[in-house]
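K.L.:
Structure in structure tokens, see below.
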Amino acid sequence: MRDERVEAKREAESLDEPAAEARELAERLGLAPYPVRYWVVDHDEMNELIAYGGFQRRYPHWRWGMNYERQAKKDRHGLGKAFEIVNNDDPSHAFLQESNSPADQKAVITHVEAHADFFANNRWFGLYADRGEGGPNAAARLERNADRVAAIADRPAVDRDEVERLIDAVSALEDTIDQHNPVDAARSVDEPGVAEDVNDPDEDPLAAIEDRIAELDLSEEVRRDVFDDEWLEARGEGVEPEEPRPDVLAFLRDHGKRYDPDSGKAVDREPWETTVIDALREEAYYFAGQKSTKVMNEGWATYWESIMMGGEGFAGPDEFLTYADHMSRVLGSPGLNPYKLGFELWTHVELRAARRDVIDKLLRVEGVTAENFHSRVNLDRVADALEPHPAIAGAGPATLDELAELAADGDPRVDAEAVDRVLSARDEGETDGDDENGLDAGPDIERYPWKLLTREGLAERHYVLSRPEHRGALRNVSRETLAERARYMFDVDRYATVDEALADVDRTAGWDRMLEVRESHNDVTFIDAFLTDEFVREGNYFTYEYSRATDQHRVASVDADDVRKKLLLRFTNFGKPTVVVLDGNFRNRGELLLGHRYNGVPLNEESATETLERVFELWGRPVNLATIRVEYPDEAIRRAKRRGTEPDGNEVGVRFQYDGGEVTEHDLDPEIRERIAADEVDYDTKPDDWLA
């Protein structure tokens, strides 16, 4: 064990320099990451961290062991090696696998730096904690929760099995939070109330009802007979939100009870139970940011990793093939790959912004209009002109004198101070690093030539329209797009020539736009805004579906709207069905009514009914779930198979009920069906509205 620790320490020390250089490069590229603390761990430690969701300590529960065994089995059989794991915290903590090759370690370090930037600047992560208080401090919060829950489970008066059962119930509902609002937004919202004429929102609802009964001046016998304790209890506990409430877990915390099998009634929770619910709900908000930005976050990290490792040679010549294999495995994973989809979408955002900037400049050239753009402008010459300056493209020892000339002219693309230090060291015959007197001899430009350039220089060096795969991007711009851009040009300065226009092109436009998008979007808004017809066409994206006529899957559509809709359904509400609270006093019996917001995709009824049993544990009284299922008559299926078409299904409303015994099925009231049915999918994907 001692030898293993020594080896891990040696490995960690060898990564100090790459980590420091990666941070400097990331900041020079325009990123602003949280500080990152790197740790080197072995296979078992990595598997433990994955099992715990990226943290070293969590509350006691059986599922962590299950997660560990699953990950260890994948690791043993080569079914999914974990190169690293990083958590959203300030500072972020990144854990690197000890067995990674040097090229892999560098790749994951550059990947992590971009993740830390996304954590620090994406507003959806800000919903978990107020950044004004110094960042999320997630490790401390989760450790505090672990201590609280462990202390509760160790109390002599508390049955440990009851603690685990409560955790099971809350965990089954961890995605039923209101992910669009801060973690504390649901507290003290929709407190119990039963009468519209009760003016004091802080008044105890049961006391208000008893006051109104007293005003009726009934005899004690009639009062006990008509308004018995059970009736009063139901009215005092019940609550019907004015609007469907999306934070189901908060509603259950505020208004739920615990079913007591001895009395057969719902009883008040013990304080420790509410403590456990609050702790797990808070953690659900922490992980919500990661779940709702998976494509953006992984794509962002993959994009900047590729710029640093491949574009800036962070992977040395002897490491590049290993890195290329690493990246091909990441981007080549089968299925809906968030790394690949995110990487391609971010590149599309960059390309659109850069292309728009160039088009806007060219449309301001005298004599150039949307109608004659393609005939008047020599796009081959434009592509050549957009190539980076040779000294910028080849920045390094060989171009040092050229860079010095540019710096002398005040060129913003060159880091004049760095160039001057290197020239001074060269003239004095010093080598890279510190000289014998301990004086800095200048940056190591052999290994890190990017130190000679500013962000403007790096942006030109990696300009998207000068990459071979995008050199023809301007040819693909339609006349309609050109006309739309020209429509907004009023009283602008004009250029006499194309060359003058191109001289004003902003090579940072693509990266600047990426930084803007990174701040406010989540996966749903990102896909909704940037999955364009062009993206779908050039990426060969399509939708597929299960055919009931052929009993197999088939390509359904290559239309961009269909692809977008399919992806939005996949990512809305973490890809889970959206369930809201409709009534906390359903049928005037204190029952809970949940509604599945049906959007054309039916529930997995087996999973739904199992979850309903978990809800019962947090409500303590009968619970109901309203949904819509699609039924396919046998004759319709047979007829469709004969014709080679898809059968028409019938949408039928259904209500499931669980009262502690068996789950039963009932017809759904038409009024409730109308409340949960959607004529079309409404994603409501405006983060500025959500975050206002």
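Any read-out appearing in this document is the output of simple, stated calculations on the displayed coordinates, not a laboratory observation. Quick caveat: nothing in here was measured; it's all calculated off a predicted structure. Please note: Cβ atoms are built from the backbone with ideal geometry, for glycine as well, and neighbour counts cover all protein chains shown.
K.L.:
So how much slack lies between Asp559 and Arg494, counting 0.36 nm per residue of separation and subtracting their Cα-Cα distance, in nm?
P.N.:
19.5 nm
K.L.:
Starting with the highest mean, order 500-513, 259-272, 330-343 by the number of other Cβ atoms within 10 Å, averaged over the residues of each peptide.
P.N.:
Peptide ranking by packing, descending: 500-513, 330-343, 259-272.
K.L.:
Any of Lys361/Lys566; Lys576/Lys641; Lys106/Lys361; Lys106/Lys565; Lys294/Lys565; Lys73/Lys291 with alpha carbons more than 28 Å apart? Name them for me.
P.N.:
The pairs that break the limit, which is 28 Å between Cα atoms, are Lys361/Lys566; Lys576/Lys641; Lys106/Lys361; Lys106/Lys565.
K.L.:
Between Leu96 and residues 5 or more places away or on another chain, which pairs have amide H atoms under 5 Å apart, with H built 1.01 Å from N, and which residues are they?
P.N.:
Trp39, Val40, Val41
K.L.:
Taking 0.36 nm per residue of separation and subtracting the Cα-Cα distance, what length does fully extending Ala677 through Leu569 add?
P.N.:
37.3 nm
K.L.:
Here's another thing I want to ask about it. Given +1 on the Cβ of Lys and Arg, -1 on the Cβ of Asp and Glu, and no further charges, what dipole in debye does the stretch 573-690 carry about its Cα centre, rounded to the nearest 20?
P.N.:
Using only the charged Cβ atoms, the result is roughly 260 debye.
K.L.:
Rounded to the nearest 0.05, what FRET efficiency do Glu613 and Ala636 give with R0 = 22 Å and r taken as the Cβ-Cβ distance? Could you check?
P.N.:
Once the sixth-power term is evaluated, E becomes 0.10.
K.L.:
For every other residue with a beta carbon closer than 12 angstrom to the beta carbon of Pro412, add +1 if it is Lys or Arg and -1 if Asp or Glu, then tell me the sum.
P.N.:
-3
K.L.:
Within the set of other residues whose C-beta is less than 13 Å from the C-beta of Asp523, count the net charge using Lys and Arg as +1 and Asp and Glu as -1.
P.N.:
So the environment of Asp523 carries a net charge of +3.
K.L.:
So what is the relative contact order for the stretch 573-690, in percent, with contacts set as C-alpha pairs under 8 Å and at least six apart?
P.N.:
23
K.L.:
According to the square roots a ≥ b ≥ c of the eigenvalues of the Cα gyration tensor, what is the shape class of the stretch 573-690, taking rounded for a/c under 1.5, prolate for a/b larger than b/c otherwise, and oblate for the remainder?
P.N.:
Because a/c hits 1.5 or more and a/b fails to exceed b/c, the stretch 573-690 counts as oblate.
K.L.:
How do the peptides 299-306, 471-478, 281-288 rank, highest first, by the average count of neighbouring beta carbon atoms within 10 Å per residue?
P.N.:
Highest-to-lowest ranking by the protection proxy: 299-306, 281-288, 471-478.
K.L.:
Let me ask something else. Quick one: which residues, 5 or more positions from Val365 or on another chain, have an amide H under 5 Å from its amide H? H modelled 1.01 Å from N in the peptide plane, none for Pro or chain starts.
P.N.:
Residues meeting the criterion, in which the H sits 1.01 Å from N, are Tyr495.
K.L.:
Could I have the simple spin-label model distance between Thr532 and Thr645, label points 7 Å from Cα toward Cβ, reported in nm to one decimal?
P.N.:
Modelled inter-label distance: 3.7 nm.
K.L.:
Ok, one more. Please list 3J(HN,Hα) in residue order for the stretch 515-520, calculated via the Karplus relation 6.51 cos²θ - 1.76 cosθ + 1.60 where θ = phi - 60°; whole Hz, with x for glycine and proline.
P.N.:
5, 5, 5, 4, 6, 10
K.L.:
Using mean Cβ contacts within 10 Å as the protection proxy, how do 518-529, 639-650 order, highest first?
P.N.:
Packing order, densest peptide first, comes out as 518-529, 639-650.
K.L.:
Give the distance, in whole Å, between the Cα centre of the stretch 382-412 and the Cα centre of the stretch 628-646.
P.N.:
Here the two parts' Cα centres lie 67 Å apart.
K.L.:
Considering the options Val377, Ser292, Pro412, tell which one lies farthest towards the positive end of the dipole of the stretch 290-440, charges being +1 on Lys and Arg and -1 on Asp and Glu at the Cβ, about the Cα centre.
P.N.:
Of the listed residues, the answer is Ser292.
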